[in-house]
Structure formats: structure tokens, C-alpha cells
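Computed from the coordinates by the stated procedures, all read-outs in this text should not be read as laboratory data. Nothing here was measured: the structure is a model prediction, and the numbers come from that model. Reconstructed Cβ throughout: ideal geometry from the backbone, glycine too, with neighbour counts over all protein chains shown.
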Amino acid sequence: MHAPVVATTTTTGRDLRLDLFRGIALWLIFLDHIPSNLVAWATIRNYGFSDATEIFVFVSGYTAAFVYGKEMRERGFIIAGAHILRRAWQIYVAHVFLFAIYLAEISYVATSFENPLYAEEMNILDFLKQPDVTIIQALLLKFKPANMDVLPLYIILLLLFPPILWLLQFRSTLALGASVLLYVLTWEFNWNMPSYPSGHWYFNPFAWQLLFVFGAWCALGGAQRLSGILQSPVTLAIAIAYLLFAFVISLTWYVPGLGQYVPHWIEENIYPIDKVNLDVLRFAHFLALAVVTVWFVPRDWPFLKSWWAWPPIVCGQHSLEIFCLGVFLSFAAHFAMVEISGAFWMQSLISVLGILIMIAVAVLLTWYKRAESRSGSRPKKTPDADLAGGEA
Amino acid sequence: MRRPIAAGLAAGLLVLLALPGTAPAEERQPCEVPGYLLFGSNELKHVAEAAAKNRRLTIAVVGTGSSILAGPDGPPSAYPARLEASLKKRLPDVAVKVVTLVRTRMTAEDLAQGMAKLLADEKPDLVIWQTGTLDAIRRIEPDNFRAALEEGVETLHKGGADVILMNMQYSPRTETMVALGPYADVMRVVAQQYEIPLFDRHAIMRHWSDTGAFDLYAAGKDNVLAHLVHDCIGRAIAAMIVDAAHLRPPEIKAGQ
């Protein structure tokens, strides 16, 4: 039951739970991105307020602080900052790559699909009429097709991360306080970044930074400072009660008859649950999930080193590549459902196949990395880019 | 290498076993709509009054491209005309009139601005407001979309008309390309807030697709599918109106 692959990473003191949950989050994001996928009913967004995005952003903040924080202490602000910016550039390139795939998909639909029932839906092709404007807006991260909002958020978060990380190292409470203040001001004054052709960013970076910075803060000693609260049964009870409340509310979205039993004052106060600005209910739901997880999944849980935990962990350790692959696979899966069959067996097959491909590619990436470090083609001085991949 | 893959497979199979299977499609009526998608607790009081007292019912359909069908046989086949035919059959002693105010490429905000004029011109008892598609395609700010819906619904309520909100079509081929979710959510919230019925066209068409009633993946210029779907939508709205206004069709009383 001992996986040598995992052993190499435990020596760095890395918390494997982070990789595990980020890997699972990547799978869930893939499943949620396949439209009409009944398998996606098994994902957490249907059972509460928050979804896999929260896990992903938090864990990414945590790992980015873990990896680059160490580097900043050892090698200084400039070197660590430069590495963070290089990572942001890699994510930008990945985003442009995904945009190219999106263009291919939508262009194909434009020429192959002429159902008169959907004349109105064909307005989505409007943007192809002005490729000069659209493509430039996409490169400026202002035009973001559906399901392609997460990477631009990461790019912004990483671009601003070096000074935040610096502050977190020396005045961690002040840094977290500034993050909370920015979040509150964003809600107060409706700050956001503009999008093309209209509207604003779907993941408002001014609001979502809170989760990223909170993750980073936890990585740099915050988690220890919270341990008293985290280990209290009262906290656990509150967290479980809140998760149950969110579960009951989420049931009313899918079983409309239940809606009438929800008191009006609750409806008036909780809706709309704003994903764009990371609604405080969503944030609280994530915190509750985290409290319950930390309570029941200890850091030295033997399962983390078993073969069963290894597939999601290896995916979580290559998050940028696997995220992009997941977006691509969800396009491909949708294509297969449209062209071959949308039946449940097909959805199940595609979902399982997609996850297997994600695992296989993650294994391949691990192999590449090991081969490279053995041949010595890459000097070992830089922080492990794939662990930092976390950062994505 | 083999064991983790087998583990992944086993995990996948477990997930599959835990999920409910899909119901067989064969024995279902074409375009049957389950009650939970159609009937709620929100009432249409003006419609009830107009039908009971005046024996007249004027319905206005306000919407965009998905409320019409192209071609010479388009208008009589689109759902507003099918709704009128279905209601006339269900309510033979009520003079039912359905007028349409459909303009393509309009956002909810554009449509909301025309509501006051519509009230003055047509004096409808009920307005069916189909919207959301273009707002989602253009990625209008959901807050602005919500404000436009609220403005429109308030204008209509002040003018003494009931409202049914109708959301987007289920379009499996373009699903990855337009994020309908936030806009559908806003429409659900606004419907709850004003206690008006929401005709969940998206869920209903999705249901037809899942049960095999219609192949909504089909490509090509053929009009047959569009006509059938619109006929079913028209009949489903008629059923919703009859239920929400507590109108008892006389033929059912006599027949049972």
C-alpha cells in the first residue's frame, strides 16, 4: 500500500489533503462543465451553496503561498516575484490555447447547425462577425466565453500576489485584514472589472481574492492560529448545522414543491446567492465544508498514502495542465454527446473516460518531471514548478 | 501502474451505481409535462376574474426570436397561436385572444420599456414575458437583468395585468457556448419575489429531450420539429394558465 510517488512529495512537508481535494475539485469542475450531464448531479454544487471553484481557489492560494513563500524567505522578493509572474504568463498562454479551442468549436456549430427552432440561439455567432474586435478583447481578457472565466481570475490573482505574499510573511493579520476590507468595499461600491461586449467579470477578482488570500494566510501559519477554533466541537456543530441548512435550501431549487415551506424572510435575505462576488453565504459554506473536512480527515490519514487516493492527488499536483485538459475534455464530451448519443450510458462513459484521461495525463506529467530531474536537464534550484502548479 | 487505474475504474462504477437510472421513454405520451414543472402555488387572479366575470381573456406574448417561427406557415404554428387554439378548446365559453409583441434581438431591458405602451394598446389580462436568451448571449450584468425584469413586472402589475415569465429554450448544441444559469436563476428569483408563475421552458424542453419525446440535437432546416415543439409549448402554457387561474374547463366537469 505504499506509493513511492507520493513519498517523494511528503518529504517536502506538503499537505497531501490539499492535492487530494484539488484533484477532486478538478474532476468535479470537468463534470460540471459537460452540459446536460446527469453524472454532474453527484457534484457538490447541487447540495449546497458553494461548488468546486471555491475549493480550487482556496487550495491554489494555499499552495502558492506554501511554495513561493518558502522561496521568498530563502531567495528574496525579486526571485520569488519573478517566478510568480512567470507562472501567471503560463496561465495566460493556457487561456489563449483554450480560447482557440472554443473558436474552433463555435465555428463548427455555426456552419453545421441550422435548426429553425433555435434561430434566436444562433445570435451567439454575432461575435464571429467582428473577429478583429473579439479576438483582441479575448487577448485582453475582456471577452471570456462560457466556462472560461477561472483562468483569467488566476492570472489577476497571481499578478497581484508578490506584494500580498510579502505582506503576509511579515504582517499576516494586516494582509488578511486588507483582503477582507477590499472584499467589503467591493460589495459596498460594486467594484468589478469590465467585460466585453458588456457586463463584468463572472468571477470578480476583487471579491474572489478573499478566498485566495485566506488560503495563503492559512498556509503561512494561519491554520495553526485557527487550530483552537477548528478543534472545538462547537465549531463543528455550527458547521454541520449550516451545511444541513444549505442542503435543505438547495433541495428547493430542484424540487419546486418544497419552495413553499421556506419562510419568506429567509428567501428575502439569502437570495440571490451571488457567485460573481463570492457571496458571503458561499464563503461560509466553503468554511463549513473545510471545518468538517479538517475534523474528519487528519493530515496523517493513512488513506492519503494508499493507491486509492493516488489518482486525485496526482491530478491535484498538476492543476494547471489538468484544469486545461478538463475544459478541453468537457468540450470534446459535449461534442460526442451531440454527435453520437446523449443517452445516460454515454454520459456515464464520457465522464469516467474523461477522468481516466485526466489521471493518465497527470501520471505522464509526473513521469516527465522525474525523467527531467534525473537527467539533470533542469537545475533543481528553482522551486518545483509542478508543486507550484498548485498555484494555478 | 495497474492498481490505481483499476481503482479509478471501480470508483467510477460506484458513482454510476449510486445514480438513478433514466426512465424508459417508450410508454410516455409525446410532450407530456410532469406536473411539478408546470403547476405551482402562484395564482393568476386577474385572469380568473376576467374569465369568470367578463367571459373574455386577452393575453399578450412579449418576447424575442424564440417566440416566433420563420416562413409563411410560421405565425400560425408558433406557440402564441397554438396557445390561443388550446385555450379556446379548453375554455369554449370564454372569448380568448392572444396578441404578440415580438421583436428579435431585444434584451429584457428593451422589452421592459415597451410594457406601458402594451398595457395602453392591448389592455391584456395576462402578459407572457419570454426573455433571457439575448441577455445571456450578450452577458448582460445579471443585476441589470434583474432590475429590468422587476421594472417590467411592476409596470404590468400596476396596469392590472397578471404576468407569466418564460425563460430560455433548452438548446443542447449551444449549451457549452452560453451560460444560461445565472439568468435562469434571476428569473426564478424574480418570479418568487412577485409570486408570479414561471414557465420553465428550459426545464420542460430538457425533460422532452431526456425522455426522448423530441430530438433537440437534430440539425437541418426542417421545420417539422420546430412546429411540434411550439405546439407542445402552447398547450403546456394553456394548462398552466388554466391551473393557476383555477379555471375549470366545462368539458372536464361534464365528462367525469
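In this label model, A:E188 and A:I340 are separated by 5.5 nm, measuring between points 7 Å along each Cα→Cβ vector.
Using θ = phi - 60° in the Karplus curve 6.51 cos²θ - 1.76 cosθ + 1.60, the 3J(HN,Hα) couplings for the stretch B:198-211 round to 10, 7, 7, 4, 4, 5, 5, 5, 4, 4, 4, 5, 5, 7 Hz; x is entered for Gly and Pro. Expressed in units of 2.2 N^0.38 Å, where N is the residue count, the Cα radius of gyration of chain B is 1.12. Picking from A:Q130, A:Q317, A:Q90, which is most flexible by a Gaussian network model of chain A using Cα springs under 10 Å? With Cα springs under 10 Å in chain A, the top fluctuation among A:Q130, A:Q317, A:Q90 is at A:Q130. Taking amide H positions as modeled 1.01 Å from N, with prolines and chain starts lacking one, the residues under 5 Å from B:L69 and 5 or more places away or on another chain are B:A78. Spin-label model, B:R105 to A:L140: label points 7 Å out along the Cα-to-beta-carbon direction sit 2.2 nm apart.
Beyond 25 Å in Cα-Cα separation lie the following of the pairs B:K88/B:K123; B:K89/B:K123; B:K97/B:K158; B:K97/B:K221; B:K97/B:K117: B:K97/B:K221.
Annotation: aspartates and glutamates with alpha-carbon distance below 16 angstrom to A:K144 (same-chain offsets under eight excluded): A:E105, A:D126, A:D132, B:D135, B:E141, B:E175. Build a GNM of chain A with springs between Cα atoms under 10 Å apart, and of A:H264, A:H318, A:H334 the one that fluctuates most is A:H264. The value of relative contact order for chain A, using C-alpha pairs under 8 Å at least six residues apart, is 32 percent.
Between A:F77 and B:A218, the distance separating the two model label sites (each 7 Å from Cα on the Cα→Cβ line) works out to 6.6 nm. Rounded to the nearest 20, the Cβ-based charge dipole of the stretch A:4-391 about its Cα centre (Lys and Arg +1, Asp and Glu -1) stands at 1680 debye. With R₀ set to 41 Å, the beta-carbon distance separating A:S198 from A:A241 gives a calculated FRET efficiency near 0.50.
Here the 3J(HN,Hα) profile of the stretch A:160-177, calculated from phi with Karplus coefficients 6.51, -1.76 and 1.60 at θ = phi - 60°, is 8, 6, x, x, 5, 4, 4, 5, 4, 5, 9, 9, 5, 5, 4, 4, 5, x Hz, Gly and Pro shown as x. Amide H contacts for B:V163 (H built 1.01 Å from N in the peptide plane; partners 5 or more residues away or on another chain; cut-off under 5 Å): B:V127. Across chain B, C-alpha contacts under 8 Å between residues 6 or more apart give a mean separation that, scaled by the residue count, equals a relative contact order of 28 percent.
If the cut-off is a Cα-Cα distance under 27 Å, which lysines reach A:K369, setting aside same-chain residues fewer than 8 apart in sequence? Leaving aside lysines fewer than 8 places away in the same chain, those within reach of A:K369 are A:K70, A:K305, A:K380, A:K381. Ranking A:T186, A:S232, A:L243 by Cα position along the charge dipole of the stretch A:171-287, where only Lys, Arg, Asp and Glu carry charges on their C-beta atoms, puts A:S232 farthest toward the positive end.
Under 5 Å between amide hydrogens, built in the peptide plane, is the criterion, and for B:V98 it picks out B:I59 among residues at least 5 positions away or on other chains.
Converting phi to 3J(HN,Hα) with the Karplus coefficients 6.51, -1.76 and 1.60 and the offset θ = phi - 60°, the stretch B:49-64 yields 5, 4, 6, 6, 7, 8, 6, 9, 9, 10, 10, 10, 9, 10, x, 10 Hz in sequence order, with x at every glycine or proline. The equivalent ellipsoid of chain A has semi-axes of 32, 27, 24 Å, largest first, where each one is the square root of 5 times an eigenvalue of the Cα gyration tensor. Cysteines of the protein assembly as shown lacking any other cysteine Cβ under 4.7 Å from their own Cβ: A:C218, A:C315, A:C324. Considering only B:M187, A:F66, A:Q137, the residue lying farthest towards the positive end of the dipole of the protein assembly as shown is A:F66, judged by Cα position with unit charges set on Cβ. Taking GluC sites (Glu not before Pro) as exposed when DSSP calls them loop and at most 16 other C-beta atoms lie within 10 angstrom, chain B has its longest site-free stretch at B:44-194. Based on C-alpha pairs under 8 angstrom that are at least 6 apart in sequence, the stretch A:125-257 has a relative contact order of 22 percent. In the elastic network of chain A, a GNM with C-alpha springs shorter than 10 Å, the most mobile of A:K70, A:K144, A:K129 is A:K129.
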